[in-house]
2 protein chains.
Amino acid sequence: MHLSIEIICVGTELLIGKTLNTNANWLAKRITNLGAKVERITVIGDDVGEISSVMKNAMQRNNDFIITLGGLGPTFDDKTLEGIAKALNLKLEINDEALKMIKKRYRSYMKEGQMKTFELTQPRVKMARLPEAAEPLPNPVGTAPAVLTNCDGKTVISLPGVPSEMKAISETTVLPILKKITGGLAFSEKSIVMTGVVESEMAPIIDEVMHNYPRVYIKSHPKGAERIPKIELHLSTTAEDPKIAKERVSRALRQLSERIQKKGGKIRHARRKI
Amino acid sequence: MHLSIEIICVGTELLIGKTLNTNANWLAKRITNLGAKVERITVIGDDVGEISSVMKNAMQRNNDFIITLGGLGPTFDDKTLEGIAKALNLKLEINDEALKMIKKRYRSYMKEGQMKTFELTQPRVKMARLPEAAEPLPNPVGTAPAVLTNCDGKTVISLPGVPSEMKAISETTVLPILKKITGGLAFSEKSIVMTGVVESEMAPIIDEVMHNYPRVYIKSHPKGAERIPKIELHLSTTAEDPKIAKERVSRALRQLSERIQKKGGKIRHARRKI
């Protein structure tokens, strides 16, 4: 099944340029490889109004899953669930299962001697305050559980922003859920780097090949320094069958390569996989 | 003057996880350092409908500048100006000044022997088709000019997505424009890395210091591996005077450090500048 996904990244550190958004990149790549489509990535600061406003707009668009990254921890600046609850008109309430997960985590910290005492303080309880009817997803490497909220025919999944936690929960829970829905859909891509033809002369060639292979998306990325025409050409497609996807990209790439060579261009790195 | 900015990144390569969004990170950091505020970063694919929809929404929000990155080149997938024109209800028309810039660039390619002949082909003319009343900004290192469009009290600046071109145009034209408006506003930030106190125990300490220094924003970033509490604390502020900004952050940091040490925490890298 075709699957449309939006990613919402919450974190002022992303807006001030302190943190490079490697989370969105990692997740987008993994989602794409399952044959699903990331339609949009939005980055906002740690602000309930902003989170709620972006969520509300995303709920109105044509997507199946909304995945939020960041803002699930115990500190005051972790506001994602509050923003989601506001947008979806849900109450935040203590989720017993989430609270169990959190207690279990802190008990293991104590066992290993990292903490001497454990109190269920307000900041710790905060991580168990989920939108009503939401479901906590286990966090194998950190304290804050991830959260799955079904609402109005969409699924909202909230993951922590710490990369190791985001990746662990994605691998164990989120990506398997998506894979089950997309079924056998497969994404295939290939790239070549071409020299000797400037981008404006490549335009009609790309047009022609895309016309002949309408399901293959070709994008040109100028890579050269100032005065050396060097362009990466990236071909990709999604198909029911991985073999069909791969063959389709290969055939389009063959035609593209022929046309480039006719124009006097040279292909520097043939069929490099990215 | 306070200045609110939104960044819109156009490029399917960002949504499939092929390209890490270093452009948005670079630009956000530079804008922040001028004392202006990036409110939101949105990433969409090479699709006129999507570009136009994101632009329309951004025009309705409370910001002064909208900066788009990507989609200005000569190939079919460069659709940013078409999307902007659609959103702002402006016609696209050949801009004579832009056409001159493009011709000049190709003539220099010919002079240097990279091209034998030069024709003003459709893809080349395309780069000079700007929204009516828009102004081309010179691109010192590439063919496609950047574009400045004033509309409804906001300024829309469109930059190419090739990093070297985006950076060159920002340095020579865009950042100076923003700096002129923000005037002497200065951004100051400091970070420490702290061990020995878990994030949930840090929460009330951060709350207290932020209460005492309401203009300093403190954010905690858990950095530890699974079972080692290690948190980066990032403090930042914006002020009329760089000295005031720096002192304000220093004072808040001093208080924060004292509170952490009282809790038994250790500060590993004091006052590391990022």
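Could you look through segment A:29-44, keep only residues that are touching a residue at least 60 places away in the same chain (Cβ under 8 Å) and of a type outside the set (Lys, Arg), and pick out the one that is most open to solvent (accessible area, probe 1.4 Å)? If we take residues in segment A:29-44 being touching a residue at least 60 places away in the same chain (Cβ under 8 Å) and of a type outside the set (Lys, Arg), then A:ASN33 is most open to solvent (accessible area, probe 1.4 Å).
Taking segment B:45-82 as the search range and keeping residues that are farther than 18 Å from B:ILE102 by Cβ and of a type in the set (Ser, Thr, Tyr), which one is surrounded by the most Cβ atoms within 10 Å (Cβ to Cβ)? Applying the filter and picking the extreme gives B:THR68. The one condition from (1) in contact (Cβ under 8 Å) with a residue 40 or more places away in the chain; (2) more than 23 Å from B:HIS211 (Cβ to Cβ); (3) within 13 Å of another protein chain (Cβ to nearest Cβ) that A:ASN95 does not meet is (3).
Take A:LYS230 and tell me if it is farther than 28 Å from A:ASP64 by Cβ, open to solvent by 10 Å² or more (accessible area, probe 1.4 Å) and more than 7 Å from chain B (Cβ to nearest Cβ).
yes
Whether a residue is away from chain A (no Cβ under 12 Å), open to solvent by 30 Å² or more (accessible area, probe 1.4 Å), among the β-branched types (Val, Ile, Thr) and touching a residue at least 40 places away in the same chain (Cβ under 8 Å) was assessed, and B:ILE177 does not pass this test. What do you reckon, is B:VAL216 open to solvent by less than 10 Å² (accessible area, probe 1.4 Å) and either touching a Ser or Thr at 6+ places or on another chain (Cβ under 6 Å) or among the charged types (D, E, K, R) (or both)? Spelling it out, B:VAL216 is indeed open to solvent by less than 10 Å² (accessible area, probe 1.4 Å) and either touching a Ser or Thr at 6+ places or on another chain (Cβ under 6 Å) or among the charged types (D, E, K, R) (or both).
Of B:LEU256, B:LEU178, all but one fail to be more than 30 Å from B:GLY73 (Cα to Cα) and aliphatic (A, V, I, L, M); the exception is B:LEU256. Against the test of being within 30 Å of A:LYS91 (Cβ to Cβ) and either surrounded by fewer than 21 Cβ atoms within 10 Å (Cβ to Cβ) or of a type in the set (S, T, N, Q) (or both), the options A:LYS243, A:LYS223, A:LYS154 yield a single qualifying residue, A:LYS154.
Within segment A:55-62, identify whether any single residue is of a type outside the set (A, V, I, L, M, F, W, C), more than 8 Å from chain B (Cβ to nearest Cβ) and touching a helix residue (DSSP H, G or I) at 6+ places or on another chain (Cβ under 7 Å), and answer yes or no. Yes: one or more hits. Scan segment A:201-215 and give yes if some residue there is more than 15 Å from the chain's Cα centre (by Cα), assigned by TED's automatic domain parsing to the domain that holds A:GLY70 and modelled with pLDDT of 95 or more, otherwise no. No, because not a single residue in segment A:201-215 is more than 15 Å from the chain's Cα centre (by Cα), assigned by TED's automatic domain parsing to the domain that holds A:GLY70 and modelled with pLDDT of 95 or more.
As a summary of the residue check, B:VAL141 satisfies the conditions (1) within 14 Å of chain A (Cβ to nearest Cβ); (2) more than 27 Å from the chain's Cα centre (by Cα) except for the one numbered (2). Here A:LEU14 qualifies as in a helix (DSSP H, G or I) and under 15 Å from B:VAL38 (Cβ atoms). Count of segment B:91-136 residues, restricted to those that are within 14 Å of B:GLY73 (Cβ to Cβ) and open to solvent by 70 Å² or more (accessible area, probe 1.4 Å), is 2.
Scanning segment B:78-105 for residues that are over 22 Å from the mean Cα position of the chain (by Cα), within 25 Å of B:LYS167 (Cβ to Cβ) and not in a helix (DSSP H, G or I) yields one hit, B:ASN95. Please determine, by comparing only the residues of segment B:109-123 that are out of contact with any Phe, Trp or Tyr (no Cβ under 9 Å at 6 or more places or on another chain) and closer than 17 Å to A:LYS230 by Cα, which one is modelled with the highest pLDDT. It comes out as B:GLU112.
Do we have any residue at all in segment B:182-197 that's assigned to a helix (DSSP H, G or I) and either touching a helix residue (DSSP H, G or I) at 6+ places or on another chain (Cβ under 8 Å) or modelled with pLDDT of 90 or more (or both)? Within segment B:182-197, one or more residues are assigned to a helix (DSSP H, G or I) and either touching a helix residue (DSSP H, G or I) at 6+ places or on another chain (Cβ under 8 Å) or modelled with pLDDT of 90 or more (or both). Just one of the listed residues (A:SER108, A:SER164) is assigned to a helix (DSSP H, G or I) and over 29 Å from the mean Cα position of the chain (by Cα), namely A:SER108. The sole residue among B:SER164, B:SER250, B:SER200 that is without any contact (Cβ under 8 Å) to a residue 40 or more places away in the chain and open to solvent by less than 30 Å² (accessible area, probe 1.4 Å) is B:SER200.
Of everything in segment B:21-54 that is farther than 17 Å from A:THR42 by Cβ and in a loop (DSSP other than H, G, I, E, B), the residue that is nearest to the other protein chains (Cβ to nearest Cβ) is B:ASP46.
The values are calculated or read from the model by the stated rules, or taken from the named source; none is laboratory data. Computed from a predicted structure; not experimentally measured. Glycine gets a Cβ as well: all are built from the backbone with ideal geometry, and neighbour counts include every protein chain shown. Areas reflect the complete protein model, heavy atoms only, side chains present, ligands, DNA and RNA absent. Shrake-Rupley method; radii C 1.70, N 1.55, O 1.52, S 1.80 Å.
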